[in-house]
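Here is the structure we will look at.
Each value in this text was obtained by applying a stated rule to the coordinates, not by laboratory testing. Keep in mind it's a predicted model, so treat the numbers as computed, not measured. All Cβ positions, glycine included, derive from the backbone under ideal geometry; neighbour counts span all protein chains shown.
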Amino acid sequence: VNTPYTDYDKTNLVEKAAIQFLASERIHLGAGATGVVKVSVPTKYMASYDYKKAKTYILDGGDYYFTTGNGSHEAVNNVLAAKGYAAQLEAYNGYKVEADNNKVIKWSNGTESNTDTTTFSKSASGAEITNKVDDADINYYLETSKEITYLSRNDWKNTYPVNYNLEANQLSTTDSDKRDEWIKTLRGQDYILRSDDSDPVQNYDGIDKGLKFADLSENGNAINDINDPFWNDFVAEIPAEEAVGAVIHGGSASDVLTNIENPFVQQHDGPTGFNGVALSANNGESAEKDEYFVDPESEAGKFKACVNSQTLLGSAFSEKLAYEWGKILGNTGLWTRKYEIWGAALNYHRTAYNGRNTEYPSEDPMLSNILGRGIIDASREKGIIVGPKHIGFNDQEHNRAGIQVYMTEQKVRETDLRGFQMAIEDSHALGMMVAFNRLGATNVANNKNLLKGIFRDEWNFLGLMSTDMMNNAYYFDAASMVMSTITMVADFASKDASITQAKDGDYDKTWAYINPESVKKDNAFVEQARQDLKYQLFAFANSALLNVKTVRVTPFWEGTIISLIAVFSVMTAAGAILIVLNGLKGE
């Protein structure tokens, strides 16, 4: 579609593409045959985000030109022909450019002075859509005289970006009247644990109400409604130290928590599927006891389901194929009993040379958006948690950790986030992974305005949310991530739900400032950790994990060791008594 580029847009720096991809459909036809296809597009994706004046999505008045085409160049040429420019279309080498105005339909939305600022100002969940990440714009921090000029269609020549690596153009925190705020944000400590006794933890050890994860299979209300009273009672059972520990040590696997007996969930990684797990991995003891037993030495037993790169999927322009892709992920997960995978990578190709383009479908976020919906729809039907990644703004792979990426809120919403929106808002994905980098000066992993303000409030995301592998990076802050509704920090140093993993056992191995004493003083922090786990457990309950029952067993060797410890303890005590008696006799 070609949308109107109005005076309102130019005045308020609402940027528009000359042509915008909306949707595609495929049909199989024989030579010379014709067919009819129907392409549906939500109108909201024709709206543009106005971050300056309306601070929400707007739909311009004016004429909208819809066309089909084999690529954006052909499409825009068709629109130009429909607007009366056919005779002027000429290639750089002087050849005539073919265009077909018969492939264009015009829809009039009143006059260009009629700007609709209300229709798309609320999300599907009823939340108000307005600016959430003003500080992603570098001009938020800069003094007026130092503000940068973003590239604008309204004035290509005078807004083309300058090289900020040149000394004459370099920016510094000294150029900011918000210098202290800027530096504090870069340090990542958006939330500081309480040091006083004004809000001590009210429920430290957990209140065992006898509720178990397995009970959810008989509680349809709780499965369907995260606001059901069951959930607050359920997470109140988790001891404070475990609630915090489970969030800040969530990498690679989710531990079984005291009282609630949730399943142990191993995480798998990769948009190409469960390609590290053979189909025989789920075998029972023998073929006699397992009707689905697969000979591990057979071709089928060694088979690992690997789907090809998502770029190939993007090249097909087919949501139906993406749906089949999701079915493969779902069926493979069920067969191998692997219920969670970080797949459906939906970043867009910023350049042709980006290091992980093979994981992502397209340079067009709207195409990624549609394909993500297909993958998540299918995998959810099978009960497998497929978590789209890496949200978002990771402009480069080399030296990506902590890079500051500045942009306007229009770019935030219409490019980087657009590729994930349908998977979360329409298909209700149960998981997502956020990126390494910063949005503006704020680490994406503790950007509460983004994670809660947009994902959870606007898009109604109710699932588990993981960081990328943080590798003890200095700009990650555990307390801030907990308060931003992250449910698992990918700290692969440990998967234990504990905050006393250091050698002397009185503080956390990764986050030294987190310890039982500091946690006991901050009730809001502990309760937020429990709320984060509510999202995670809700995701588990809405997946095939509801079929998994946790049973604690004591292996024979552990009982033997415990008995031996008891025996040797008695012998040690007896020996100590004899030593004392001998000493007394000696005196």
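How many angstrom lie between the C-alpha centres of region 456-475 and region 9-36?
When both Cα centres are located, 33 Å separates them.
Output the pairs from K521/K549; K289/K382; K122/K320; K16/K55; K44/K448 with a Cα-Cα distance over 23 Å in this structure; if there are none, say none. Display every interim value, and only then the final one.
On the way: K521/K549 35 Å; K289/K382 25 Å; K122/K320 29 Å; K16/K55 16 Å; K44/K448 25 Å.
Table pairs above 23 Å Cα-Cα are K521/K549; K289/K382; K122/K320; K44/K448.
Mind checking which aspartates and glutamates have their C-alpha under 12 Å from K209, skipping anything on the same chain fewer than 8 residues away?
Partners within reach: D233, E237.
Rounded to the nearest 20 Debye, what is the dipole magnitude of the chain about its Cα centre when Lys and Arg each give +1 and Asp and Glu each give -1 at the C-beta?
Numbers: 55 positive and 79 negative charges, 222 e Å.
Rounded to the nearest 20 debye, it is 1060 debye.
Which ³J(HN,Hα) values in Hz, rounded to whole numbers, follow from the phi angles of region 24-33 under the Karplus curve 6.51 cos²θ - 1.76 cosθ + 1.60, where θ = phi - 60° and Gly and Pro get x?
8, 8, 10, 9, 8, 10, x, 4, x, 7
Fewest to most neighbouring Cβ within 10 Å: what's the order for L166, L371? Numbers along the way, then the final one.
Numbers: L166 8, L371 29.
Starting with the residue having the fewest Cβ neighbours, the order is L166, L371.
Cross-link partners among aspartates and glutamates for K304, C-alpha distance below 18 Å, same-chain residues fewer than 8 apart left out?
Those aspartates and glutamates meeting the cut-off are D269, D295, E324, E340.
Mind jotting down a quarter of the surface of the convex hull over the alpha carbons of region 217-271, in square nanometres, one decimal?
Details: hull surface 20.0 nm².
Average of the hull's projected areas for region 217-271 equals 5.0 nm².
Once the dipole of the chain is set up with Lys and Arg at +1 and Asp and Glu at -1 on Cβ about the Cα centre, which of N449, G188, S152 lies farthest towards its positive end?
S152
Using helices alone, what [θ] at 222 nm do you get for the chain, with -39,500 (n - 2.57) per DSSP H run of 4 or more residues, divided over all residues and rounded to the nearest 500? If you can, show how the numbers build up before the last one.
Values: 16 runs with 161 residues, N = 587.
Value at 222 nm, helices only, nearest 500: -8000 deg cm²/dmol.
For A345, what residues show an amide H to amide H distance below 5 Å, using hydrogens built from the backbone and excluding near sequence neighbours?
It is K389, by chain and number.
Taking square-rooted eigenvalues a ≥ b ≥ c of the alpha carbon gyration tensor, is region 100-223 rounded, prolate or oblate, where a/c under 1.5 means rounded and, failing that, a/b exceeding b/c means prolate? Please report the intermediate quantities before stating the final value.
Details: a/c = 3.14, a/b = 1.30, b/c = 2.42.
Because a/c hits 1.5 or more and a/b fails to exceed b/c, region 100-223 counts as oblate.
Could you tell me whether region 452-548 comes out rounded, prolate or oblate from its Cα gyration tensor? Rule is a ≥ b ≥ c as square roots of the eigenvalues, rounded for a/c under 1.5, then prolate if a/b exceeds b/c, otherwise oblate. Walk me through the numbers on the way to the answer.
Numbers: a/c = 1.73, a/b = 1.55, b/c = 1.12.
It is prolate, given that a/c is not under 1.5 and a/b is the larger ratio.
Are there any helices in the chain, counted as whole DSSP H runs, that stretch 27 Å or more along their axis by Cα and score at least 0.5 on average by Kyte-Doolittle, and if so which? Each step should come with its number before you reach the end.
Numbers: long enough: 556-586 (45 Å, 1.57).
Qualifying helices: 556-586.
Going by the alpha-carbon gyration tensor, a ≥ b ≥ c the square roots of its eigenvalues, is region 1-121 rounded (a/c under 1.5) or, if a/c is not under 1.5, prolate (a/b greater than b/c) versus oblate?
Values: a/c = 2.49, a/b = 1.50, b/c = 1.67.
Judged from the Cα gyration tensor, region 1-121 comes out oblate (a/c at least 1.5, b/c at or above a/b).
Whose amide H sits under 5 Å from the amide H of H268, counting only residues 5 or more places off or on another chain, with H placed in the peptide plane?
Result for H268 returns E340, I341, W342.
Tell me, what HN-Hα J-couplings in whole Hz come from the Karplus equation 6.51 cos²θ - 1.76 cosθ + 1.60 at θ = phi - 60° for each residue of region 106-119, using x for Gly and Pro?
Couplings: 9, 10, 9, 10, x, 8, 5, 7, 9, 9, 8, 10, 10, 4 Hz.
K509: which lysines have alpha carbons under 19 Å from its alpha carbon, excluding same-chain residues fewer than 8 sequence positions away?
K495, K520
Under 8 Å for C-alpha pairs, at least 6 residues apart: give me the relative contact order for the chain, rounded to a whole percent.
Working: 1139 pairs, mean separation 91.8, N = 587.
RCO, the chain: 16 percent.
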